[in-house]
Amino acid sequence: MKNLDILGASKSGTGKTASYVIPLLHKLQKIVKPENKVIRALIIVPTIELVDQVTRTITSLGKNLEIECVKVKGGTPKSIQLAKLKKGTDIIVATPGRLQDFLADKKINLEHINTVVLDEADTMLELGFLNEIKSILKECKSPKQTLMFSATISQNIKRLAKEFLKKPAIVEVSDRRDTVDKISHRAYKVDRKRKDELIVKLIEDKKLQQVLLFKTTKVSANKVYEFLKSKNIRVSIIHGDIKRSTRSKSLALLKSGKTQILVATDIASRGIDIPQLEMVINYELPNSTDDFTHRVGRTGRANQKGSVITILTIDDYNAFSKIEKNLKLNIKREVYEGFELTDKQPRQKRPVKKTLREKKGYIDYDKIRKYTYASKKKDKDKKRK
């Protein structure tokens, strides 16, 4: 409300969208004129689904205000969007690609913008939108306020903030661990060849009805989708190669309970809000701890209970340990009944028992002296040789 630039971070499902939409509407209602509509606020988000979600929030919260909002996104004919823009609007919610197209064709004017919001900024950088974002922000001339929101603040986010934010207030209300704190986690070890079989068994035994199942690539997502379909499981799929209309339909089917499983790549881990989502299954581990955080953040939203199952083969143990360490988690690795392991397991290090002195935090000077003497002797022997 003081028009400060902001770099804000908070876990998924905590209401970041409302945190900027409410004050934005409050500011705009004082200056907008029904007879003279110009674009005063620009909200940039990474995905089509997030454009829809943010627009729904604006429409809902601003239903009694004379504030217009237009979506600028792929998957919808440009002519329809341009017709709405010609009628006049106060707010644009856009994906970087389509907005950049309109700017290049000089179909849109951003010179009256006074507020710019970059939502899910970390995802936009991961998806390679850095050049588009820079180009768009330069078109905004000199906005009075720029706000950047993310679930996490990475080094890339800090660099982008340094370039475009002026003395920002940094508001970080949670860390990555908080995202997974109220969610129950289970991890099942399984042989490489039996992963698909285990997934089907879990769905049947636990009578799962609303699950977001994550794969890392579009090809592998298609494979598991076809496999689950062959087992008469009600399944749908979303990833980058699937048309916008089909993606929306797949998401709607899961929300309505008409499908049990929605297979998705990480494009779905950001910006998708499924109220009271029963479970997230990590069929494959993501590439980073942040991606893991965003995935599990699809369940347990708005203080609801959430569950996560992660499937592990011997190839995943080390990567999963790193994720646990980063998030300060300790998830028991179980073997599901009937899926006893036959793949050769790596050797586990035996924990070295600490002495009573070490447990109490005393420094063992005798040990240090012995070690120092031994290392010096070793050096002398090397020189002699």
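The values are calculated or read from the model by the stated rules, or taken from the named source; none is laboratory data. Model, not experiment: these values are computed from the prediction. Here Cβ is always computed from backbone atoms with ideal geometry, including for glycine, and neighbour counts include all displayed protein chains. Note: accessible area is taken over every heavy atom of the protein model, side chains too, but ligands, DNA and RNA are not part of it. Shrake-Rupley method; radii C 1.70, N 1.55, O 1.52, S 1.80 Å.
See the values below:
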item: Cα-derived Rg to Rh of the chain, Kirkwood definition; result: 1.08
item: Region 192-327, accessible surface, carbon-and-sulfur percent (1.4 angstrom probe); result: 46 percent
item: Cα-based equivalent ellipsoid of region 17-159: semi-axis lengths in Å, sorted from largest, via gyration tensor; result: 22, 18, 15
item: For Thr55, solvent-accessible area (1.4 Å; no DNA, RNA or ligand), Å²; result: 10 Å²
item: Rounded FRET efficiency, nearest 0.05, which uses the C-beta distance separating Ser230 from Arg333 and R0 of 30 Å; result: 0.55
item: Region 135-264: relative contact order as a whole-number percent, Cα under 8 Å and 6+ apart; result: 22 percent
item: In nm, spacing of pseudo-spin labels at Thr59 and Leu341 (7 Å Cα→C-beta vector); result: 5.0 nm
item: Rounded to 10°, Cα long-axis angle of helix 317-327 versus longest principal axis of the chain; result: 60 degrees
item: Cα shape, region 77-174, gyration tensor, a/c 1.5 rule; result: prolate
item: Probe 1.4 Å, protein heavy atoms only - accessible area per residue of the chain in square angstrom; result: 56 Å²
item: Sulfur and carbon atoms: percent of accessible area, region 35-131 [1.4 Å]; result: 47 percent
item: Nearest 10 degrees, 0 to 90: helix 195-205 Cα axis against the chain principal axis; result: 70 degrees
item: Charge-dipole axis of region 38-175 as Lys and Arg at +1 and Asp and Glu at -1 on Cβ define it, positive-most pick from Ala121, Ala94, Ser79; result: Ser79
item: Of Lys63/Lys167; Lys158/Lys223; Lys201/Lys223; Lys73/Lys206; Lys218/Lys249, those spanning more than 28 Å from alpha-carbon to alpha-carbon; result: Lys63/Lys167; Lys158/Lys223; Lys73/Lys206
